[in-house]
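The values are calculated or read from the model by the stated rules, or taken from the named source; none is laboratory data. Values in this document were obtained by computation on a predicted structure and should not be read as measured data. Here the Cβ positions follow ideal geometry from the backbone for every residue, glycine too, while neighbour counts run over all protein chains shown. We work out accessible area using only protein heavy atoms, side chains counted, and drop any ligands, DNA or RNA first. Shrake-Rupley method; radii C 1.70, N 1.55, O 1.52, S 1.80 Å.
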Amino acid sequence: MRPADEPRWAATILSSPLLWHAVRFALVSAYLLGGVVKLFDFAGAVAEQERFGLHPGWLWAALAIVVELGGSLLVLADRLVWFGAGALGVLTFVAMLTANAFWSAPAADRGMQANAFFEHLGLIAGFVLVAMLSDQRRSTS
């Protein structure tokens with residue numbers, strides 16, 4: 001049932017199965033790309049993890065690849081979305097604390113780091129929402 005103040009055209013767009021697929025793809029697109037890039041440049045992925053203080057780098061790189069690709073595929077398949085989105089959210093949280101630690105960045109970098117930190121927080125919220133919507137859609141169908 002649509003709210004009284006929601007135009008019919010908006011309700012039609014928001015209830016579109018195509019939009020549901022497109023939104024999930026958009027949400028995980030950076031993770032798919034990141035996972036593929038790390039997979040084909042594993043040495044670079046290891047160096048990246050170690051640069052952020054995550055040791056052993058090979059283990060963190062392998063975990064990142066599994067989560068980025070596996071979590072994304074679960075979200076895209078609309079199966080175990082709570083798990084895939086949750087794993088991507090945890091990975092994003094770890095990235096926030098390591099790569100975007102604005103509180104310890106030099107003053108000149110602090111603003112950009114804070115912005116990236118809160119952008120990642122928004123991504124985590126998006127993962128929570130997609131998991132909630134997936135569950136809701138499953139229970140009403």
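Brief remarks follow.
- Rolling a 1.4 Å probe over the protein heavy atoms gives the chain an accessible area of 63 Å² per residue.
- Between the listed residues Ile65, Val28, Ala114, the Cα displaced farthest toward the positive end of the dipole of the chain, a dipole computed from Cβ unit charges relative to the Cα centre, is found at Val28.
- For the stretch 79-94, backbone phi angles converted through the Karplus equation (6.51, -1.76, 1.60; θ = phi - 60°) give residue-by-residue couplings of 10, 6, 4, 4, 6, x, 5, x, 5, 5, x, 5, 4, 5, 5, 4 Hz, Gly and Pro being listed as x.
- Estimated dipole of the chain in Debye, rounded to 20 [Cβ of Lys and Arg +1, of Asp and Glu -1, Cα centre]: 340 debye
- Efficiency of FRET from Cβ geometry, Leu121 and Val37, R₀ 22 Å, rounded to 0.05: 0.40
- Degrees, to the nearest 10: 17-40 long Cα axis against longest axis of the chain: 10 degrees
- Per-residue SASA entry for Leu91, accessible area with 1.4 Å probe, Å² rounded to 10: 40 Å²
- If R0 is 25 Å, the Cβ-Cβ spacing of Leu59 and His21 corresponds to a FRET efficiency of close to 0.15.
- Share of carbon and sulfur in the accessible area of the chain stands at 72%, probe radius 1.4 Å.
- In this simple spin-label model, placing a label point 7 Å from the Cα along the Cα-to-Cβ direction at both Leu73 and Ala10 gives a separation of 3.8 nm.
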